[in-house]
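Single-structure report; data block below.
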């Protein structure tokens, strides 16, 4: 026999017109956020000509603007107040038709509780009630429960198409004054198309995400692309305001286990779901995803409980000092100043936490996104002291511990190649870069990104290899000064004591055609550290396309096979660029270097003269070798 309490909610069902009749002019009405927007009630509110619906305040955390119209036609009926300037509300905020309440998301419940923001009515979307008499808040937990606790009248819009989610989502019929039955489907958001630029951008973001990291996510092409590049990671965790289709795919791939999280271990944690009907079906009673209020999700102390928390944020523009202009408009629901501050603070509290902004090097209109200054752009965010990385499709700019000049060099290196020469000119004029700074305009287009690779050596040493960049100047200087006098003499055949800016910048600025330089880097304390370098320089004094070569390895990392790996990599790159052989000069007592050449995949000729071996190494395949070799 069914308990009467499980059915008494039906006695509270009324029509939308009856609900709107309870509204009085000047009331404040809270609406569920995003996909949790009660569309049936909103639709009737907009269409109604009832005279009591005047001068209302509509309060919504984030407005997708797909149902609640914010154009001038409804200005006498209601005015929207929102805590977020993204999506469709941004233009209306600038035009004065929507009011923005600046606030950290985790503080919004306190604003309701303290009375700083009063709520007269709350319109909340919920699932149907189950046999036990409970419904679920579904896809938008955020501050719904807090709004219900402080509103004089609470109305539940029962929608059979939303999933019953798990976590702090259960509500009882006693918490509502009225119910209406939804006639409108939820707001669905289709997946974002991913183009080549965003795929390359996401690959660079994925390269800095280690196994066991805990991530924040949102919607947009960056995140849809990133999900595809993270599927081979292990033991990722999710602690994010928004759960999306990309995260659904990532959980399905097995990359997300949440086992290394300290806060809600074993669960992906979120406050909202934003996505397709497929995502809604997948979330229904899914025990892998836990929905909690926004003050739980966005509290920096809770974020910081998870080790290796990485705040991944989209940016509109980045300048050469590390300041950011945030996105505005459709597609932006994650990078508001308040939300970004909390993610930054949480990452700072997290052991080995990181923060990064990712953006294409150019906008859809072809304008540069790496600029001298963002001072003229709206929605600025300046926290350069805490920002670790800025990433484009051209690479990663590590900013931790770097001077403004070093940051500028790193950011120029990841700008669009056609924008770099002008950025260097502007930076020199602004006294950010040295007045004599060298820059080869063609180098950006010639940079051989495809040779980038990584290898794990003895004792778990992981080194990433890539072509040298102009921004490596200071790190190459540091490598030079770590060498012993003997190592310097072996490399340069003279007792060099100093490596000033003028000399080193000539060394790191190469054209990648006549000169190729490869560096081995490790990540240490949030920045790249160069531990090895190899290069070849094409010779002009020989009939054949040969190149002279030399390489060095930080003495701390010698004896682990780094030099051999780097030498073989340099040979492969040289052959791909038409070089048919190497020459090298090696001092006779440099036994370790001679052993590296002896391990070369090709035979070499050695002639001893004046205490040094002159080596010649033709790149001859087995089928090309003459008899006897």
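The values are calculated or read from the model by the stated rules, or taken from the named source; none is laboratory data. Worth saying up front: this structure is predicted, and the values here are computed from it rather than measured. Because the Cβ atoms are built from the backbone with ideal geometry, glycine has one as well, and the counts that use them run over all protein chains shown.
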On the given criteria, is residue 268 touching a strand residue (DSSP E or B) at 6+ places or on another chain (Cβ under 9 Å) and surrounded by 24 or more Cβ atoms within 10 Å (Cβ to Cβ)?
-> yes
List the strands (runs of 3 or more DSSP E) that sit entirely inside region 246-350 and contain at least 1 residues that are at pLDDT below 95 and more than 27 Å from residue 386 (Cα to Cα).
-> 272-274
Looking only at region 511-533, count how many residues are outside any strand (DSSP E or B), within 23 Å of residue 440 (Cβ to Cβ) and in contact (Cβ under 8 Å) with a residue 40 or more places away in the chain.
-> 3
Per the list (1) more than 12 Å from residue 60 (Cβ to Cβ); (2) at pLDDT 90 or above; (3) buried (at least 20 other Cβ atoms within 10 Å of the Cβ), residue check on residue 90 breaks on (2)
Pick from 520, 559, 502: which is over 26 Å from residue 595 (Cβ atoms) and either surrounded by 15 or more Cβ atoms within 10 Å (Cβ to Cβ) or at pLDDT below 95 (or both)?
-> 502
Requiring at least 2 residues that are touching a strand residue (DSSP E or B) at 6+ places or on another chain (Cβ under 6 Å), the helices (runs of 4 or more DSSP H) wholly within region 365-479 are 404-414
Among the residues of region 539-551, write down those that are in contact with a helix residue (DSSP H, G or I) (Cβ under 9 Å, 6 or more places away or on another chain) and modelled with pLDDT of 90 or more.
-> 547, 549
Looking for whichever is surrounded by 24 or more Cβ atoms within 10 Å (Cβ to Cβ), touching a strand residue (DSSP E or B) at 6+ places or on another chain (Cβ under 9 Å) and either in the same structural domain as residue 522 (by TED's automatic domain parsing) or more than 20 Å from residue 290 (Cβ to Cβ) (or both) here; the options are 215, 222. Which one fits?
-> 222
Give 423, 411 a once-over and let me know the one that is in contact with a helix residue (DSSP H, G or I) (Cβ under 6 Å, 6 or more places away or on another chain) and modelled with pLDDT of 95 or more.
-> 423
Scanning region 236-259 for residues that are crowded, with 17+ Cβ neighbours inside 10 Å and farther than 22 Å from residue 313 by Cβ gives 257
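Quick check, is residue 506 over 26 Å from residue 395 (Cα atoms) and in a helix (DSSP H, G or I)?
Here the answer is no, as residue 506 does not meet what is asked.
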Which one is modelled with the highest pLDDT among residues in region 182-194 that are within 20 Å of residue 41 (Cβ to Cβ) and buried (at least 16 other Cβ atoms within 10 Å of the Cβ)?
-> 182
Of (1) buried (at least 17 other Cβ atoms within 10 Å of the Cβ); (2) not assigned by TED's automatic domain parsing to the domain that holds residue 517, residue 468 satisfies every one except (2)
Does residue 29 meet the test of being surrounded by 18 or more Cβ atoms within 10 Å (Cβ to Cβ), in contact with a helix residue (DSSP H, G or I) (Cβ under 8 Å, 6 or more places away or on another chain) and either under 22 Å from residue 295 (Cβ atoms) or at pLDDT below 90 (or both)?
-> no
With respect to residue 447, determine if the residue is within 24 Å of the chain's Cα centre (by Cα) and within 17 Å of residue 524 (Cα to Cα).
-> no
Hey, among 451, 438, which residue is surrounded by fewer than 16 Cβ atoms within 10 Å (Cβ to Cβ), at pLDDT below 95 and touching a helix residue (DSSP H, G or I) at 6+ places or on another chain (Cβ under 6 Å)?
-> 438
